[in-house]
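One structure below.
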Amino acid sequence: MKVLVVNCGSSSIKYQLLDMTDESVLAKGLLDRVGIPGTVLKHEPVGKDEVVIKKDLPDHTEGMKLVLEVLVHPEYGVIKSMDEIGAVGHRVVHGGEAFAYSVVIDDRVKQVIRECFDIAPLHNPPNLMGIEACQALMPNIKHVAVFDTAFHQTMPAKNYMYALPYELYEKYKVRRYGFHGTSHFYVSHRAADLLGKPYEQCKIVTLHLGNGASMAAIMDGKVIDTSMGFTPLEGLVMGTRCGDIDPAIVFFIMEKLNLSTSEVNNYLNKKSGMLGLSGVSNDLRDIQEAAAAGNEKAQLALDVYYTRVKSYIGNYIAQLNGCDCLVFTAGVGENGIDMRENICKNLDYLGIKLDPEKNKVRGKEVDVAADDSKVRIFVIPTNEELVIARDTYQLAK
Ligand code: AMP
């Protein structure tokens, strides 16, 4: 069966077509600026040249039509007809408390995705738009929702409850959910394979460090804690998000800077984090370059970033009462050699010892721990699309 994986943002459609007989990728691509002038599609058929198509498209339905056209195109397509697509897997950011697993999409599932608009206003509406566009174009096959929040649903209440009046949870489901679940799921399972131990017996700390960043503590095959919370704003320092701060700062800056609720939301999500601290960029590479050239704020941003990660490692190892491995993944985790070294420095008390020579690696699955490190340190490139495709295949076949 061939499975199409779709990830719809407010103005983008990311896709990958996989052949599930051998889990090979046949094509992938990104349609950007959907609904805004300058729509552009970058289509990468495996074994053929990349194709770039510029064509303004008004909405996700027209966008998906173009994606399907390129997939069956006689020259740069990879399948003969749309009928070869057996199922579609959709990345959905928020499934609330309703979904701990992936599900075949029906009206009830769509209603839950809609009910989560309030708590995921940037992500769930475009996710649902993508689902409806695909269902309209491919009505006779199964569509599956794979939720970013699902893997974290095993968290115990002592870790997902905030110390707020209980009625907020009862009335509005204000609690910690966690995100990047598909990525934490993939890399933690790979880590158990590399450890050669049953997944249910491993104590694993996963570090998904990309532009958005989160960590998870996994024990007995279950997530017991994760750093993102009610929204993806909580936890680590990110490209443009502040992560953990004193909530009183919110009212303080609203007053001082005369910001509305949506403005302060934008401030903490888009103007803070590494960008806000360094004043240089949200991209770690630019910040490292500036720091090397003597920019003190850039250096400070790097120091704050890795110190926050270290504090979460300590927190999680204390909760796990031990640790078999740390797993670094996503843009910074897979490629940030210096960042990995700084994060793991002076953690030998916890049994964590990185080998600086082995650590000189980018984007490859490898153990970078010193031979005498008690805790293994894996770099594992994430593959969220593969998890989505596998779940979709299992539910559709
Ligand atoms: P992601 O969100 O997983 O795509 O990660 C993107 C981020 O990874 C970028 O914003 C960079 O900060 C970081 N990144 C990518 N390549 C490198 C690299 N070679 N060294 C350090 N950081 C990198």
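The values are calculated or read from the model by the stated rules, or taken from the named source; none is laboratory data. Since this is a predicted model, take the numbers as computed values, not measurements. Here Cβ is always computed from backbone atoms with ideal geometry, including for glycine, and neighbour counts include all displayed protein chains.
In summary, Tyr312 fulfils each of the numbered conditions (1) surrounded by 20 or more Cβ atoms within 10 Å (Cβ to Cβ); (2) farther than 18 Å from Leu347 by Cα with the single exception of condition (2). Arg308 fulfils the conditions (1) away from the ligand (no atom under 13 Å from the Cβ); (2) more than 30 Å from Cys202 (Cβ to Cβ) except for a single criterion, (2).
So that you can scan it fast, the table gives a plain yes or no per residue for (1) more than 15 Å from Gly181 (Cα to Cα); (2) touching a residue at least 24 places away in the same chain (Cβ under 8 Å):
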residue	(1), (2)
Asp106	yes, no
Val112	yes, no
Met138	yes, yes
Asp148	no, yes
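So, in segment 1-54, exactly how many residues are of a type in the set (D, E, K, R) and not in a strand (DSSP E or B)?
Count: 6.
The rows are residues; the columns are (1) surrounded by 18 or more Cβ atoms within 10 Å (Cβ to Cβ); (2) at pLDDT below 95; (3) within 19 Å of Met228 (Cα to Cα).
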| residue | (1), (2), (3) |
| --- | --- |
| Ala292 | no, no, no |
| Glu296 | no, no, no |
| Ile317 | yes, no, yes |
| Asn321 | no, no, no |
| Cys325 | yes, no, no |
| Thr329 | yes, no, yes |
| Val332 | yes, no, yes |
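Scanning segment 137-165 for residues that are within 30 Å of Leu71 (Cα to Cα) and loosely packed, with under 12 Cβ neighbours inside 10 Å gives Pro139, Asn140.
Screening Gln288 against (1) part of a loop (DSSP other than H, G, I, E, B); (2) farther than 30 Å from Gln201 by Cβ; (3) free of Cβ contacts under 8 Å to residues at least 60 places away in the same chain; (4) not basic (Lys, Arg) leaves a single unmet condition, (1). Only one of the listed residues (His73, His60, His123, His43) is buried (at least 22 other Cβ atoms within 10 Å of the Cβ) and at pLDDT 95 or above. That residue is His43.
Conditions (1) in contact with a helix residue (DSSP H, G or I) (Cβ under 7 Å, 6 or more places away or on another chain); (2) within 15 Å of the ligand (Cβ to nearest atom); (3) within 15 Å of Gly235 (Cβ to Cβ), marked per residue:
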{"site": "Gly294", "(1), (2), (3)": "no, no, no"}
{"site": "Ala301", "(1), (2), (3)": "yes, yes, no"}
{"site": "Asn335", "(1), (2), (3)": "no, yes, no"}
{"site": "Cys344", "(1), (2), (3)": "no, no, no"}
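If we keep just the residues of segment 324-333 that are out of contact with any Phe, Trp or Tyr (no Cβ under 6 Å at 6 or more places or on another chain) and more than 16 Å from the ligand (Cβ to nearest atom), which is nearest to Tyr305 (Cα to Cα)? The qualifying residue nearest to Tyr305 (Cα to Cα) is Leu326. Looking only at residues of segment 371-385 that are buried (at least 17 other Cβ atoms within 10 Å of the Cβ) and more than 15 Å from the ligand (Cβ to nearest atom), we find that the one that is nearest to the chain's Cα centre (by Cα) is Phe378. In segment 236-247, the residues that are touching a residue at least 60 places away in the same chain (Cβ under 8 Å) reach residues that are part of a loop (DSSP other than H, G, I, E, B) and of a type in the set (Ser, Thr, Tyr) with C-beta atoms within less than 9 angstrom, at least six apart or across chains, in these pairs: Leu236/Ser227; Val237/Ser272; Gly243/Ser227; Gly243/Ser272; Asp244/Ser227. Counting the residues of segment 113-140 that are touching a Leu at 6+ places or on another chain (Cβ under 9 Å) and assigned to a loop (DSSP other than H, G, I, E, B) gives 2. What are the residues in segment 344-397 that are within 12 Å of Cys325 (Cβ to Cβ) and part of a loop (DSSP other than H, G, I, E, B), if any? Of everything in segment 344-397, those that are within 12 Å of Cys325 (Cβ to Cβ) and part of a loop (DSSP other than H, G, I, E, B) turn out to be Gly351, Val368, Ser373, Lys374, Ile380. In segment 351-369, of all residues being surrounded by fewer than 18 Cβ atoms within 10 Å (Cβ to Cβ) and among the hydrophobic types (A, V, I, L, M, F, W, C), the one that is farthest from Ala192 (Cα to Cα) corresponds to Val361. Once segment 225-268 is narrowed to residues that are under 22 Å from Met339 (Cβ atoms) and out of contact with any helix residue (DSSP H, G or I) (no Cβ under 8 Å at 6 or more places or on another chain), the residue that is nearest to the ligand (Cβ to nearest atom) is Pro232. Cβ-Cβ distances below 9 Å connect the following pairs, each with a first residue in segment 319-337 that is without any contact (Cβ under 8 Å) to a residue 60 or more places away in the chain and under 14 Å from Leu354 (Cα atoms), a second residue that is basic (Lys, Arg) and near the ligand (Cβ under 8 Å from one of its atoms), and a separation of six or more residues or different chains: Ile337/Arg362.
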